[in-house]
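Student: Quick one: the structure is below, and I'll ask about it shortly.
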Amino acid sequence: MKIWQSSVFMLLGLIGYIASSMTASYGEEPGAMVDGAGFTLYGTESIKGFDAATVERDPICDRTKHPRIAKIEPDEAKPGDNVIISGENFGTKECFHTVTFSAASNIPVAFKFISDSAIEAIVPDAKAGMSFVIIVTGGGSAQSKPVLIKSK
C-alpha cells in the first residue's frame with residue numbers, strides 16, 4: 001500500500017511540475033497582439049474591484065446581436081480618404097470597439113460612429129491592393145467583401 005501511495009505522490013508532483021512549466025504568462029506581455037483582431041489588448045479598461053459608480057456607467061452591450069457589413073462606399077479609395085461602412089447591429093457608440101483594414105492591420109484606423117448601421121472611417125496608409133474591412137463590436141466581429149486601396 002505504501003509503494004502505491006508514494007508512486008501516486010511522485011506522479012502528482014511530476015504532473016504539477018510539468019503543468020507549471022507549461023503555463024504561459026500573458027499578463028507580462030504589454031500590448032500582446034490578438035491574432036486576427038488587428039488591435040492589442042494593452043490599455044483595455046476593465047473594472048477592478050467593485051465600484052458602484054463605475055458599474056453604473058459601464059455600458060450594457062447586447063452580445064446576441066452579431067454585426068454584419070453590407071457594403072463599403074466607395075469600394076475603391078486612397079489612403080486618407082473617408083469610407084462609409086454600412087450594415088447592421090453595430091451597437092452603440094460605447095459598445096463599438098474598432099475598425100481595421102487587413103492590408104494594414106497594425107495601423108490604428110480613425111473612425112466616427114454614426115449609428116447602429118453606419119461608421120465613417122479613414123483609409124489608413126496601406127499598400128495598394130485588395131483589403132478587407134473588419135469591425136469589432138460588443139456582439140463580435142464582421143468582415144467586408146474586398147475593397148480596393150489605390151496608390152496615393
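Student: Add +1 for every Lys or Arg and -1 for every Asp or Glu among the other residues with Cβ under 14 Å from the Cβ of Lys71, and state the total.
Tutor: In short, -3.
Student: To continue, here is another question. Report the semi-axes of the equivalent ellipsoid for the stretch 52-149 in whole Å, largest first, where each axis is √(5λ) for an eigenvalue λ of the Cα gyration tensor.
Tutor: Over the Cα atoms of the stretch 52-149, the ellipsoid semi-axes are 26, 13, 11 Å.
Student: Could I ask something else about it? Stretch Leu148-Asp75 to full length: gain in nm at 0.36 nm per residue minus the Cα-Cα span?
Tutor: 25.7 nm
Where a number appears in this text, it was derived from the coordinates with a stated rule and is not lab data. All of these numbers come straight from a predicted model, not from anything done at the bench. Reconstructed Cβ throughout: ideal geometry from the backbone, glycine too, with neighbour counts over all protein chains shown.
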